[in-house]
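S.K.: The structure is given below, and queries will be raised subsequently.
The values are calculated or read from the model by the stated rules, or taken from the named source; none is laboratory data. The structure displayed is predicted, hence computed values, not measured ones. Neighbour counts run over all protein chains shown; Cβ positions are idealised from the backbone, glycine included.
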Ligand SMILES: C[S@@+](CC[C@H](N)C(=O)[O-])C[C@H]1O[C@@H](n2cnc3c(N)ncnc32)[C@H](O)[C@@H]1O
């Protein structure tokens, strides 16, 4: 639907088709409602906040200024995760959603996969309250645990019970702090917490790389949404995070010598067996990550990265 159609179907409480087959004039109340919507829109408020809802993978969600408006690119993250879960063939699949916001990722996974146990984390209590409402509205509350936490901070009980995750999914904040004031005005209405990825936009990828190994099973995956043109920087980050040198291939003992950026796309198009010898690894206490895939969005931009945890 176009934005105009979206507004009119909301104001007239009708279906899209009714706008064309039965175009009744607006009542005075509807005219007042329409004016109100236009004036909020003129202030730059996102249309989804004004209408109070949006759709993600065909699933209706409530949204307001407590959460980021789910983006179409993130649907690709969910589709990727669903394919990985089906490959695992393990039931129930144990999935961690870091930075759940409106709950769009957790809820769509819970609706698309029958046997799944999702833990949805956010640092914002306000976002979690809305995510819970959305899970209830969509009938999947029993499949999702909501945890208020700064990333993994409050998940220590999972470790105590040895309840490791099969997959960690995350669409973390990835905008550079310095670029936030230049964003379009509707984006500036969204919570800063959902946008700000730190000075280089990579703060959350760095933290997740360092903290995730303890929470993931061997062979477990991380599925990340990444920002425009971040694939090469994240590749460099993974290289720099490599701590032990025994995985270093001959003649490449200094990671800084690797021409990582320019070779990333070639590396990612190679088979998994070839990626590891090239040293595309992040290592923490003999546990490290290997990039196994990079998926482009409909605009041809690298958007989803898949990492696999290897226990060395
Ligand atoms: C880019 S939004 C993604 C929201 C939603 N998952 C989506 O895909 O639309 C990032 C989310 O991470 C949350 N967040 C920010 N810092 C966090 C932290 N330290 N720990 C956990 N969640 C955090 C924000 O509150 C926000 O909801």
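S.K.: Here are 220, 197, 201, 227: which of them is in the same structural domain as residue 116 (by TED's automatic domain parsing), surrounded by 20 or more Cβ atoms within 10 Å (Cβ to Cβ) and more than 16 Å from the ligand (Cβ to nearest atom)?
M.R.: Step by step, each of 220, 197, 201, 227 is checked, and only 220 is in the same structural domain as residue 116 (by TED's automatic domain parsing), surrounded by 20 or more Cβ atoms within 10 Å (Cβ to Cβ) and more than 16 Å from the ligand (Cβ to nearest atom).
S.K.: Separate question: Return yes or no: is residue 120 within 15 Å of the ligand (Cβ to nearest atom), crowded, with 24+ Cβ neighbours inside 10 Å, part of a helix (DSSP H, G or I) and at pLDDT 95 or above?
M.R.: No: the conditions fail for residue 120.
S.K.: Within region 85-95, is there a residue that is within 15 Å of the ligand (Cβ to nearest atom), modelled with pLDDT of 95 or more and within 25 Å of residue 230 (Cα to Cα)?
M.R.: yes
S.K.: Only one of 76, 26 is surrounded by 15 or more Cβ atoms within 10 Å (Cβ to Cβ) and either in contact with a strand residue (DSSP E or B) (Cβ under 7 Å, 6 or more places away or on another chain) or not in a helix (DSSP H, G or I) (or both); which?
M.R.: 76
S.K.: Can you confirm whether residue 109 is in the same structural domain as residue 221 (by TED's automatic domain parsing) and more than 9 Å from the ligand (Cβ to nearest atom)?
M.R.: yes
S.K.: When region 42-73 is examined, which residues are found to be surrounded by fewer than 16 Cβ atoms within 10 Å (Cβ to Cβ) and assigned to a helix (DSSP H, G or I)?
M.R.: Passing the criteria: only 42.
S.K.: Which condition number in (1) out of contact with any strand residue (DSSP E or B) (no Cβ under 9 Å at 6 or more places or on another chain); (2) not in a helix (DSSP H, G or I) is the one that residue 82 fails?
M.R.: Condition (2) is where residue 82 drops out.
S.K.: Considering (1) under 15 Å from the mean Cα position of the chain (by Cα); (2) in the same structural domain as residue 302 (by TED's automatic domain parsing), say which one residue 91 fails and leave the rest.
M.R.: (1)
S.K.: Filter region 155-186 down to the residues that are in contact with a strand residue (DSSP E or B) (Cβ under 9 Å, 6 or more places away or on another chain) and free of Cβ contacts under 8 Å to residues at least 60 places away in the same chain, then identify the one that is surrounded by the fewest Cβ atoms within 10 Å (Cβ to Cβ).
M.R.: 183
S.K.: Would you point out which residue out of 190, 133, 148, 126 is near the ligand (Cβ under 10 Å from one of its atoms), over 16 Å from the mean Cα position of the chain (by Cα) and closer than 26 Å to residue 45 by Cα?
M.R.: 126
S.K.: Still on this model: Mind checking which residues of region 140-154 are surrounded by fewer than 19 Cβ atoms within 10 Å (Cβ to Cβ) and part of a helix (DSSP H, G or I)?
M.R.: 141, 142, 153, 154 - these are the residues of region 140-154 that are surrounded by fewer than 19 Cβ atoms within 10 Å (Cβ to Cβ) and part of a helix (DSSP H, G or I).
S.K.: Collect the residues in region 158-187 that are more than 13 Å from the ligand (Cβ to nearest atom) and under 16 Å from the mean Cα position of the chain (by Cα), keeping them in residue-number order.
M.R.: 167
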